[in-house]
Amino acid sequence: MGQYFENVDLPSKMMKTESFILGKKFIFYTDNGVFSKDGLDFGSRLLLETIPLEEVGGKVLDMGCGYGVFGIVLNRMLECTVDMVDVNLRALHLTEMNVRENHCQNITVFESNCYQNIHSKYSCIVTNPPIRAGKKVVYDIVMNARDYLEKDGKLFLVIRKEQGAKSLIVDLQKQYTVEVLEKKKGFFILKCSL
């Protein structure tokens, strides 16, 4: 797990990728040591194409932002204020580059191990939790999101069936009203409301 997050010794091989998401073109710089370095992954794309944009607004948190896909797309589509956090310093550097490349405004990028450095509440938290980091980290992100959501806030996430989607849904239902918005190719898009 250490190398996944503290990847400063991993040789850099930065790439510039292009994605069309919700009818708009986005440029993302990626690199070794970050999730989905070859371009936008299916699960993240499915979440962005499924999430009801009319329910996203106010202040948004992109938790475990990687190189910044969720926060950047939502900021460009909705002109919302976004905080983007990750524990991976290389990912944060890429996110800052991608925020500039995609001409985003009202985005703050900072380091946080799960919610360690979070001191705000959000109308919406969006995440593709880092499964490779282990169940403890995934559960920290999704279960503790409730403490950082506003009264009518929502958590949107993507999880794969083979990575424990069904048991996670059962556990999430103990804290949230859970709705499966989409199921496709083994990926589940979940909406969790307080």
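Here are the numbers for the structure shown:
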{"item": "Count of residues meeting criterion [part of a strand (DSSP E or B) and of a type in the set (A, V, I, L, M)] in the range 10-38", "result": "3"}
{"item": "Residues located in the range 102-140, provided they are in a helix (DSSP H, G or I) and either in contact with a helix residue (DSSP H, G or I) (Cβ under 9 Å, 6 or more places away or on another chain) or modelled with pLDDT under 95 (or both)", "result": "Ile131, Arg132, Ala133, Lys135, Lys136, Val137, Val138, Tyr139"}
{"item": "In the range 82-104, the residues that are among the β-branched types (Val, Ile, Thr), buried (at least 24 other Cβ atoms within 10 Å of the Cβ) and either closer than 23 Å to Arg132 by Cβ or touching a Ser or Thr at 6+ places or on another chain (Cβ under 6 Å) (or both)", "result": "Val85, Thr95"}
{"item": "The range 69-127, residues that are closer than 17 Å to Leu40 by Cβ and in contact with a Phe, Trp or Tyr (Cβ under 6 Å, 6 or more places away or on another chain)", "result": "Ala91, Leu94, Thr95, Met97, Asn98, Asn102, Val126"}
{"item": "Some residue of the range 144-153 being under 20 Å from Gly43 (Cβ atoms) and either free of Cβ contacts under 8 Å to residues at least 40 places away in the same chain or touching a Ser or Thr at 6+ places or on another chain (Cβ under 6 Å) (or both)", "result": "no"}
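The values are calculated or read from the model by the stated rules, or taken from the named source; none is laboratory data. It should be emphasised that the depicted structure is a prediction, and the values quoted were computed from it without experimental measurement. No Cβ is skipped: glycine too gets one built from the backbone with ideal geometry, and neighbour counts run over all protein chains shown.
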